[in-house]
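S.K.: I'd like to ask some things about the structure below.
The values are calculated or read from the model by the stated rules, or taken from the named source; none is laboratory data. Source: prediction; values computed, not measured. Here the Cβ is made from the backbone with ideal geometry for all residues, glycine too, and neighbour counts use every protein chain on show. Note: areas computed on protein heavy atoms with side chains; ligands, DNA, RNA excluded. Shrake-Rupley method; radii C 1.70, N 1.55, O 1.52, S 1.80 Å.
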Amino acid sequence: MIKFNKIYLTGNEQKYIGKTIKENIFKGNGSFSKKICKYFEKEYNVKKCFLTPSATSALEMMSLILDFQPEDEIIIPSFTFVSSANAFALRNAKIKFVDIDPKNLVIDIEKIKKAITSKTKAIMVVNYNGVSVDFDKLNKIIKNKDLYLLEDNAQGIHAKYKRSYLGTQSDMSCISFHDTKNITSGGQGGALFINNKNLIDKAYKVYQNGTDKREFLLNKVDLYTWKTLGSSNMLSEINSAFLWAQLEKIERITKKRINLWDEYYKLLKPLEQENYFILQDIPKYNTINAHLFYLFFKTEDMAKDFKLFMKNENIQVFYHYQSLHNSKAGKKYGISLDSNKISNYASKRVIRLPLYTDMKINTLRYIVRKIYFWRKNYG
Ligand SMILES: *Cc1c(COP(=O)(O)O)cnc(C)c1O
């Protein structure tokens, strides 16, 4: 069977984990954790990096740092992972779902403009496959408004908006190191990036169970006490050791994936012109990280037929997000600007193809041949 995803190992994972065991620091914030955050703060120009047990916990930190209250609204796309909404619904915030752009499945800026009210406390954009909104354009829209801009950059590591890495265009962002993403900390892991320095102090407290443990460790107070809402948000050092083995090879990993992505694109573009599906249109301002490759079919039936065909060919393909505004919890905790038509289409018509760092070009070409074969026999 051709698998949808396979974890890529760089070869240094065991060595670094062994080193951590020797150093006898396990709880996090050891030498590998520090190295990783230093990398993001230097290379990406992030003001403050916190490693977390998942992107989900980084999102939950954001909602505690901004102190969301029941009447506060956050605008997010409906076509995203559950955590983007769940983190804020946990604070009883009102989630306002907005539709996506059919060309690349990223939140539609014109709709954000319509969705903003006096109750809007934050907007969270989701970078899909390393594609983002046009931040310059969005910043013009929100310039004189009293609200925060957040980025769910869970899948966007090493992708860029113009010359900057994604995750740095907002007040706060997250990255995921789950084993389905481009690099992993060995299962679960994530990071919170703070770019607005006014939020750093609060972030330290939320990171360490709502306490002033940081001041305690800096010998500024004799005891640390409970100051605000928080949780246990630190990534274990073993996971950081694993992650460093991957992060130090990020250039190579990203390049390999982009090569594969480009090959898919080149080979499948002719079929797009035949009206079966559309491919993601990458804006000029983005450099993607080739996290995923999808086909957005013209009809739901076509997508269903294709999925079944690939199953019979032993090639693993998957749908993606199911629009949140239609979900049971989405209806309870959210409101919608409009019908979110494109998100509904995307839920039923977007199919992702196998793509992993070490995929052989011949495997990819074999998959493409099967897609051409499907096309020939469809309908
Ligand atoms: C993967 C993903 C998440 C969740 O990441 P975890 O590290 O598994 O919590 C959140 N949002 C988006 C857009 C994702 O792709």
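S.K.: For the stretch 1-52, what does the alpha-carbon gyration tensor say about shape, rounded, prolate or oblate, given a ≥ b ≥ c as the root eigenvalues, a/c under 1.5 as rounded, and a/b over b/c as prolate?
M.R.: Numbers: a/c = 2.52, a/b = 1.26, b/c = 2.01.
The shape class here is oblate.
S.K.: According to the square roots a ≥ b ≥ c of the eigenvalues of the Cα gyration tensor, what is the shape class of the stretch 339-379, taking rounded for a/c under 1.5, prolate for a/b larger than b/c otherwise, and oblate for the remainder?
M.R.: Working: a/c = 6.15, a/b = 1.52, b/c = 4.05.
In terms of gyration-tensor shape, oblate.
S.K.: Follow-up. Among Leu337, Met310, Asn289, flag the residue with its Cα farthest along the positive direction of the charge dipole of the stretch 281-352, charges on Cβ as +1 for Lys/Arg and -1 for Asp/Glu.
M.R.: Going by the charge dipole, the pick is Leu337.
S.K.: Under unit Cβ charges (Lys, Arg +1; Asp, Glu -1), what dipole magnitude, rounded to 20 debye, does the chain have relative to its Cα centre? Before the final figure, lay out the partial values.
M.R.: On the way: 61 positive and 38 negative charges, 124 e Å.
Dipole magnitude for the chain comes out near 600 debye.
S.K.: Now, a different point. Charges on Cβ only, +1 for Lys and Arg, -1 for Asp and Glu, centred on the Cα centroid of the stretch 1-159; of Ile25, Asn45, Leu90, which one is farthest towards the dipole's positive end?
M.R.: Ranked along the dipole, the leading option is Ile25.
S.K.: Rounded to the nearest 20 debye, what is the charge dipole size of the stretch 66-175 about its Cα centre when +1 sits on each Lys and Arg Cβ and -1 on each Asp and Glu Cβ? Don't skip to the answer; put the middle values down first.
M.R.: On the way: 16 positive and 14 negative charges, 59 e Å.
Computed charge dipole of the stretch 66-175: roughly 280 debye.
S.K.: Okay, moving on. Ignoring solvent entirely, what values of log10 I(q)/I(0) come out of the Debye formula for the stretch 202-354 at 0.12 Å⁻¹ when each Cα is a single scatterer?
M.R.: So the normalised log intensities are -0.84.
S.K.: What fraction of the DSSP beta bridges in the chain is antiparallel, stated in percent and rounded to the nearest 5?
M.R.: Details: 25 of 45 bridges.
In the chain, DSSP labels about 55 percent of beta bridges as antiparallel.
S.K.: May I have the pair-distance distribution P(r) for the stretch 107-170, computed from all Cα-Cα distances with 5 Å bins from 0 and rounded to whole percent?
M.R.: Once binned at 5 Å, the Cα pair distances of the stretch 107-170 give 4, 18, 31, 25, 14, 7, 1.
S.K.: Let me ask something else about it. Per the Kirkwood treatment, what hydrodynamic radius in Å, one decimal, follows for the stretch 24-143 from the mean inverse distance over all distinct Cα pairs?
M.R.: Working: mean 1/r = 0.0624 Å⁻¹.
Result for the stretch 24-143 stands at 16.0 Å.
S.K.: Can I ask one more? In what sequence, largest accessible area first, do Glu110, Glu272, Glu23, Glu151 appear using a 1.4 Å probe? Walk me through the numbers on the way to the answer.
M.R.: Details: Glu110 95, Glu272 30, Glu23 75, Glu151 0 Å².
Putting Glu110, Glu272, Glu23, Glu151 in descending order of accessible area: Glu110, Glu23, Glu272, Glu151.
S.K.: How much length, in nm to one decimal, is gained on full extension between Tyr378 and Ile21, taken as 0.36 nm per residue of separation minus their Cα-Cα distance?
M.R.: On the way: separation 357, 0.36 × 357 = 128.52 nm, distance 5.60 nm.
Taking 0.36 nm per residue and subtracting the Cα distance, the gain is 122.9 nm.
S.K.: Another question about this same structure. Give the accessible surface of the stretch 29-85 per residue, rounded to a whole number of Å², with probe radius 1.4 Å and ligands, DNA and RNA excluded.
M.R.: Working: 2090 Å² over 57 residues.
I get 37 Å² per residue for this part.
S.K.: On to the next question. State to the nearest 20 debye the size of the charge dipole of the stretch 200-318 about its Cα centre, where the only charges are +1 on K and R beta carbons and -1 on D and E beta carbons. Walk me through the numbers before you get to the answer.
M.R.: On the way: 18 positive and 16 negative charges, 56 e Å.
It comes to approximately 280 debye.
S.K.: Semi-axes, largest first, in whole Å: what does sqrt of 5 times each Cα gyration tensor eigenvalue give for the stretch 136-219?
M.R.: Details: eigenvalues 122, 95, 18 Å².
Each semi-axis is √(5λ); the values are 25, 22, 10 Å.
S.K.: Return, for the Cα atoms of the stretch 68-136, the radius of gyration and Dmax in Å, separated by a comma.
M.R.: Computed over the Cα atoms of the stretch 68-136, radius of gyration and Dmax are 11.7, 35 Å.
S.K.: Here is a further query. If eta is 1.306 mPa s and T is 10 °C, what Stokes-Einstein diffusion coefficient results for the stretch 147-278, Kirkwood Rh from Cα pairs, in µm²/s? Intermediate values should be presented prior to the final figure.
M.R.: Details: Rh = 17.6 Å.
Using the Kirkwood radius from Cα pairs, D works out to 90 µm²/s.
S.K.: Filter the trypsin sites (Lys or Arg not before Pro) in the stretch 298-379 to those in DSSP coil with at most 10 other Cβ atoms within 10 Å of their Cβ, and list the result.
M.R.: Numbers: sites: Lys298, Lys304, Lys307, Lys311, Lys328, Lys331, Lys332, Lys341, Lys348, Arg349, Arg352, Lys360, Arg365, Arg369, Lys370, Arg375, Lys376; in loops: Lys298, Lys360.
Qualifying residues, ordered by number: Lys360.
S.K.: Can you pull out the trypsin sites (Lys or Arg not before Pro) in the stretch 204-268 whose DSSP state is coil and whose Cβ has at most 14 other Cβ atoms within 10 Å? All intermediate terms of the calculation are to be shown ahead of the outcome.
M.R.: On the way: sites: Lys205, Lys213, Arg214, Lys220, Lys227, Lys249, Arg252, Lys255, Lys256, Arg257, Lys266; in loops: Lys220, Lys227, Lys249.
Answer in residue order: Lys220.
S.K.: Give the value in nm², to one decimal: projected area of the alpha carbon convex hull of the chain, averaged over all directions.
M.R.: Working: hull surface 77.4 nm².
So the Cα hull casts an average projection of 19.3 nm².
S.K.: Can you work out the FRET efficiency for the pair Thr299 and Asn259, with r the C-beta to C-beta distance and R0 = 41 Å, to the nearest 0.05?
M.R.: Working: r = 31 Å, r/R0 = 0.76.
The pair Thr299/Asn259 has a calculated efficiency of 0.85.
S.K.: Can you compute 3J(HN,Hα) from phi for each residue in the stretch 322-335, using the Karplus curve 6.51 cos²θ - 1.76 cosθ + 1.60 with θ = phi - 60°, rounded to whole Hz and x for Gly and Pro?
M.R.: With coefficients 6.51, -1.76 and 1.60, one gets 9, 3, 6, 5, 8, 6, 4, 6, x, 5, 6, 9, x, 10 Hz.
S.K.: Could you compute the FRET efficiency for Leu90 and Tyr366, with r as their C-beta to C-beta distance and R0 at 56 Å, rounded to 0.05? Walk me through the numbers on the way to the answer.
M.R.: Numbers: r = 44 Å, r/R0 = 0.79.
Calculated value: 0.80.
S.K.: Work from the charge dipole of the stretch 104-259 (Cβ charges, +1 for Lys and Arg, -1 for Asp and Glu, about the Cα centre) and give the residue of Ala203, Gly167, Leu235 farthest towards its positive end.
M.R.: Gly167
S.K.: Hey, any idea what % of the chain's accessible area is carbon plus sulfur with a 1.4 Å probe?
M.R.: Numbers: 8650 of 17550 Å².
Within the chain, the accessible surface is 49 percent carbon and sulfur.
S.K.: Moving on. Based on the inverse mean of 1/r over its pairs of different Cα atoms, what is the Kirkwood hydrodynamic radius of the stretch 172-241, in Å? Show your work: numbers first, answer last.
M.R.: Details: mean 1/r = 0.0744 Å⁻¹.
This gives a value of 13.4 Å.
S.K.: Residue-wise, which Karplus ³J(HN,Hα) couplings in Hz belong to the stretch 14-21, taking 6.51 cos²θ - 1.76 cosθ + 1.60, θ = phi - 60°, and x for glycine or proline?
M.R.: So the Karplus estimates, Gly and Pro as x, are 5, 4, 5, 5, x, 5, 4, 4 Hz.
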